[in-house]
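Q: Before I ask anything, let me first share the structure, which is written out below as structure tokens.
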Amino acid sequence: MKILFTDLDGTLLNDEKQIPEVNSAAVKQTLSKGNAVVICTGRSYFSAKKFVDRLGLDQKGCYAILYNGGMIYDCCSGDILCQNTMPMSYVKYIFEQAARFDLYCQTYEGDYVVTPKDRPEAAQYHWSSQMEVRVDPNLLEHLKEEPVKVLTSCLDDRKKHEAYRDFMLPWAKGKVSIFFSSEYYLEHVMEGVSKGAAIRWLCQYLHVPIEQTIGIGDAENDLTMLDAAGFAVCMKNGTQEAKDHADYITILDNNQGGVAEIIEKFM
């Protein structure tokens, strides 16, 4: 058995946030041969579920790596196998500093995105994820459970977002990992949490040698996955940094079915 760990946005999904039919057919075919496909995404399970359902990954032996490795989920039983949450003191500090830099900031509670202030970034995230966004000015007082992830977003000023990241890195050392998952999204998860760490954990759990895995992605948050997988693939449309970590770069991009290309060639 081989396992394909695939990112969603910019990889399995096209620019319209849909699965190209060629990718869907290839995934179902490789599953029928006894291989496994694991979604490996920064999204929550609620946001990823429609793709899990369409691909038939809700059966026994199927899993999803969520929140960039912060949660590992059994798609059949609904059990959370592994989860790394963030202390409220860290969450509060991130929200406070994001506000200082005039950045949109959100976290997750159940099936909802929660944020203290409504901004255009909230509508953009809703379109991308199809998750309902709830605005609560007193969010930090009302959060009931430690979240797995905090995300900041900035649609119009990447340099401001990078300045925030650079400011935060000294504080974050040894506490929180901060990295971009797209042009607009900056992820905040616990130190040591990554797609790569989650892949290694799941392979040990399933007793599958890492050499029998393929990881495919396109962006900074996929680098640890590419480094961990037995065979690393970057999408044609991926960043140069991601391509530098890959053993193979697809001929087809995410709109043309680059994931199907990998399944057909290597699985």
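The values are calculated or read from the model by the stated rules, or taken from the named source; none is laboratory data. Remember, predicted model here, so these are calculated numbers, not experimental data. Virtual Cβ from ideal backbone geometry, glycine too; neighbours counted across all protein chains shown. What goes into the accessible areas is simple: the full protein's heavy atoms, side chains included, and nothing from ligands, DNA or RNA. Shrake-Rupley method; radii C 1.70, N 1.55, O 1.52, S 1.80 Å.
Q: Sorted by packing (mean other beta-carbon atoms within 10 Å per residue), highest first, where do 203-214, 46-57 land?
A: Taking the mean over residues of other Cβ atoms within 10 Å, the ranking is 46-57, 203-214.
Q: Find the Cα radius of gyration of the chain, compare it with 2.2 N^0.38 Å by division, and give the number to two decimals.
A: 0.96
Q: Relative to the longest principal Cα axis of the chain, at what angle does helix 21-32 sit, 0 to 90 degrees, rounded to 10?
A: 60 degrees
Q: On a 0 to 90 degree scale, rounded to 10, what angle separates helix 158-172 from the longest Cα axis of the chain?
A: Its long axis makes an angle of about 80 degrees.
Q: List the residues, sorted by chain then number, that are 5 or more residues from PHE5 or on another chain and whose placed amide H is less than 5 Å from its amide H.
A: HN-HN under 5 Å from PHE5: VAL38, ILE214, GLY215, ILE216.
Q: Protein chains only, probe 1.4 Å: how do LYS236, LYS159 rank by accessible area, largest first?
A: Ranking LYS236, LYS159 by accessible area, largest first, yields LYS159, LYS236.
Q: Here is a further query. As an exercise, take the mean of 1/r over every pair of distinct alpha carbons in the range 45-183, invert it, and state the Kirkwood radius in angstroms.
A: Evaluated over the range 45-183, this radius sits at 16.1 Å.
Q: Relative contact order of the chain: what whole-number percent is it, with Cα pairs under 8 angstrom and at least 6 residues apart?
A: The normalised contact order for the chain reaches 21 percent.
Q: Given the peptides 103-111, 11-19, 118-126, arrange them by the average over their residues of other C-beta atoms within 10 Å, most packed first.
A: Sorting 103-111, 11-19, 118-126 by mean packing, highest first, produces 103-111, 11-19, 118-126.
Q: Right, next: How large is the dipole of the range 45-177 about the Cα centre if only Lys and Arg carry +1 and Asp and Glu carry -1, each at its Cβ, rounded to the nearest 20 debye?
A: Rounded to the nearest 20 debye, it is 360 debye.
Q: Same structure again: Which whole-Hz ³J(HN,Hα) couplings does the range 76-91 yield from phi under the Karplus relation 6.51 cos²θ - 1.76 cosθ + 1.60, θ = phi - 60°, glycine and proline marked x?
A: 8, 7, x, 7, 8, 7, 7, 8, 10, 9, 10, x, 4, 5, 5, 4
Q: Quick check on the chain: helices-only [θ] at 222 nm, where DSSP H runs of length 4 and up contribute -39,500 (n - 2.57) each and the sum goes over total residues. Nearest 500, please.
A: Details: 10 runs with 97 residues, N = 267.
That calculation yields -10500 deg cm²/dmol at 222 nm.
Q: Give the ranking of LEU31, LEU8 by solvent-accessible surface, highest area first, calculated with a 1.4 Å probe.
A: Result, largest first: LEU31, LEU8.
Q: Normalising by the residue count of the range 95-234, find the relative contact order in percent from Cα pairs under 8 Å and 6+ residues apart.
A: Once normalised by length, the contact order is 17 percent.
Q: Related question: Go through the range 49-60 residue by residue and turn each phi into a ³J(HN,Hα) via Karplus (6.51, -1.76, 1.60, θ = phi - 60°); whole Hz please, and just put x for glycine and proline.
A: 4, 5, 6, 4, 5, 5, 8, x, 8, 9, 9, 4
Q: Using protein chains only and a probe of 1.4 angstrom, how many square angstrom of ARG158 are accessible, to the nearest 10?
A: Number for this one is 70 Å².
Q: Separation between the ASP157 and GLU21 pseudo-spin-labels, each 7 Å from Cα along Cα→Cβ, expressed in nm?
A: 4.5 nm
Q: To continue, here is another question. In the range 182-224, whose amide N lies under 16 Å from the spot 7 Å out along Cα-to-Cβ of PHE266? List them in ranges.
A: 196, 199-200, 209-219, 222-224
Q: Go ahead and collect, in residue order, the members of the range 154-196 whose backbone nitrogen is under 11 Å from a label point 7 Å along the Cα-Cβ direction of ARG100.
A: Flagged as within label range: 164, 167-169, 171.
Q: Rounded if a/c is under 1.5, else prolate if a/b is larger than b/c, else oblate: which is the range 140-249, with a ≥ b ≥ c the root eigenvalues of its Cα gyration tensor?
A: Because a/c hits 1.5 or more and a/b fails to exceed b/c, the range 140-249 counts as oblate.
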